[in-house]
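The structure appears right after this line, and notes come after that.
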Amino acid sequence: MKKNRSIIFIMLAVMVCVMLSGCADSSVLVTNHDRPVYNLFSSISHKDGSTYLNCFTPASRKAYLASKDSAGAEKIVAAVLEKSGLESDSELSCEIISRTEISDSEREKLQRQYKKSYSKNDTIEKAFLLSAAITDGKRTIVKDFTVVLIESNWYIYGDVIESFKF
């Protein structure tokens, strides 16, 4: 019995070491509120329109898909690349260069704006302003994004973006 406990203890210790060693090599800490911005640019590089749209709040995504100007999930990445003047094989990289939590009064203002724009009463639990440096291999732009926490999920706040104007 003691031998089994020792083996189990050793296995658990090895698993913990393996899990921790995977984190030690990471040079960039990606927080939950950063994920929608990183996912946005990864989805462009991978030409994944569904993931691209899922970076935005459900209400803005629904409004975009219902609009007459919508390229739809299948074609939105091509529209983003075209309107941004990027090649179809462009691989974008993104780095969050600053994060600022939005005050409660500003978050409440966003909440009222959201309700007015989308007729949705979703609660914005938290919000951050992120500045991201976006590179396409030739040029770098800095773009600000507002990200919001709604029902335990982080989203980019605002209308669906089709152009980054490189």
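Summary of computed values
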item	result
Pair Ala66, His46: separation of 7 Å Cα→Cβ label points (nm)	2.9
Whole-number D in µm² s⁻¹ for the range 30-156, Kirkwood Cα-pair radius fed into Stokes-Einstein, 37 °C, 0.692 mPa s	214
Alpha-carbon centroids, the range 55-97 and the range 120-137: separation in whole Å	15
Debye, to nearest 20: dipole size of the range 30-156, +1 on Lys, Arg Cβ, -1 on Asp, Glu Cβ	460
Filter on Lys115/Lys143; Lys75/Lys116; Lys62/Lys138; Lys62/Lys143; Lys115/Lys138; Lys47/Lys109 - keep pairs with C-alpha separation over 31 Å	Lys62/Lys138; Lys115/Lys138; Lys47/Lys109
Packing-based exposure ordering (other Cβ within 10 Å, fewest first) of Asp122, Asp136	Asp122, Asp136
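Read-outs throughout are calculated quantities, based only on the coordinates presented, and are distinct from any laboratory measurement. Since we're looking at a predicted model, the values are computed, not measured. Positions of Cβ are generated from backbone atoms using ideal geometry, with glycine treated the same way; all protein chains shown enter the neighbour counts.
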